[in-house]
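So the structure is just underneath, and the comments pick up after that.
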Amino acid sequence: MSLGLVRAWEPPSPRLAGLLRQAVLTMLDQVEELLATIDAASFEVNRDLLELAPGLADPLRAAGRSNVTVWATANLRKPGLPVPANLSPENVDFARDVVRHGFDETILSGFRVGQNLAVQAATDVAFRVTDDHDDLRELLALVSRSIFAYVEETLEGISTMIRAERSQLRDATTAARAEAVALILEGGPISERRATQMLGYEVARSHTATIVWSDETPPEGALEATASKLARAGGTARPLILPVGRSTLWVWLSGGDTGDLGARLRQHLPGALTEDLPEAAADIRVAIGRPGPGLAGFRRSHQEAAATQRLARRLPLQSNITSYDDVEVVALASSNEDQAREFVARTLGPLVDAPAEIRETLRTYLRQECNLTRTAQVEFAHRNTVATRLERARDLLPHGLTDRTLQVGLALEVTRVIGSAS
């Protein structure tokens, strides 16, 4: 990105150029003091904004240092000539951070404070490098003109970058929410107060994150209708909904009762969708994280919903609605699916391809701490039927069950989701 000079002027005389170079060197001898003064004044001007987004302090400080360094270096190399806008990485990053945090160009007021302090410092130095009245007058005029033109040029460049960053996002509200969500999910420097302000959503509460998506192009409004039904099922009046592409919504529900949201959704949502959106109901899928409070809960619940979505996309799950509780063991055990299938085949042997009711009875038996009576009650089966299935399962296992209950139980949980190795 390049900009033309805001102003141009004739180069100074060799004598004046020499005095300016000497003044710049003197300023650099005490540059840390100048930078500390600029930081303090700039932070004071932007105190309210920095309280909302303390993570902007470091980028603002880095931009200030870059601005001083670039101006000083340019005037040591070509003293007195106009200095182009400083579009260094520090200022580019600062512009992007301003947009990410949802602020506008008002935060650039700190640059003008720095400009005034730099002129003041240069004025003090000018009196130290010459006592000739004519030279002093010309030097002060040149320094002021150079600093003011440079800062105006730089502010114009940064403002242009900020507008360009923002114009790439179609909707300002969605952009602010996307930036806030990105900061939260990255564990970035954003407070609950600032996140709530940017999102229009209370982040201090407990959240349940969900992902609503379709692997096909959904009919217009289908995903939003699903999100609304999610909110009603969770007892949430105002969910946070963030579009991610054309076929995915990230949704957070806060307040209400989301503890058994997956079960309630499985019971009510498919029928409701079929009534309202019959052509879309079969293609829309929902992944649900566990509830969690505050920013950490907001982040963790979404990570769980995302892990659930990944499994739901890769594996032959039976329902369009999947919660992290349904797949937690598999999510932890099957980060490498090939290894997980190998583990299942090695642990279960021929039992992998046995009738499903035999594996399911053994899984229930292990969950019931190997209690035959409770297993029969859970399975709604006669005790003798359960005993027969368990005996068949033991015959198919490649190793004895007694010393390998943990491995067999885990393999049964995994195979329930990902299917057999074949």
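Every number in this text was worked out from the coordinates using simple rules, so none of it is lab data. None of these values were measured; they are calculated from a predicted model. Glycine gets a Cβ as well: all are built from the backbone with ideal geometry, and neighbour counts include every protein chain shown.
Ranked by the mean number of other Cβ atoms within 10 Å of their residues, highest first, the peptides 198-207, 367-376 fall in the order 198-207, 367-376. Roughly what percent of Cα-Cα pairs across region 58-97 reach past 16 Å? In whole percent, the share of Cα-Cα pairs in region 58-97 beyond 16 Å is 34.
The label point for residue 385 and the one for residue 160, both projected 7 Å from the Cα toward the Cβ, are 7.8 nm apart. Spin-label model, residue 134 to residue 173: label points 7 Å out along the Cα-to-beta-carbon direction sit 6.6 nm apart. With each label modelled as a point 7 angstrom along the Cα→C-beta vector, the residue 217-residue 44 pair spans 5.8 nm.
The Cα-based radius of gyration and maximum Cα-Cα distance (Dmax) for region 115-217 are 24.5, 79 Å.
Sort the following peptides by mean Cβ neighbour count (other Cβ atoms within 10 Å, averaged over residues), highest first: 64-71, 386-393.
Numbers: 64-71: 20.9, 386-393: 17.8.
Peptide ranking by packing, descending: 64-71, 386-393.
Extent along the principal axes, Cα only, for region 19-63: 44, 15, 14 Å, with the longest axis given first. Rounded, prolate or oblate: which fits region 1-115, taking a ≥ b ≥ c as square roots of the Cα gyration tensor eigenvalues, rounded meaning a/c under 1.5, else prolate when a/b beats b/c? Prolate is the answer for region 1-115, as a/c is 1.5 or above and a/b outweighs b/c.
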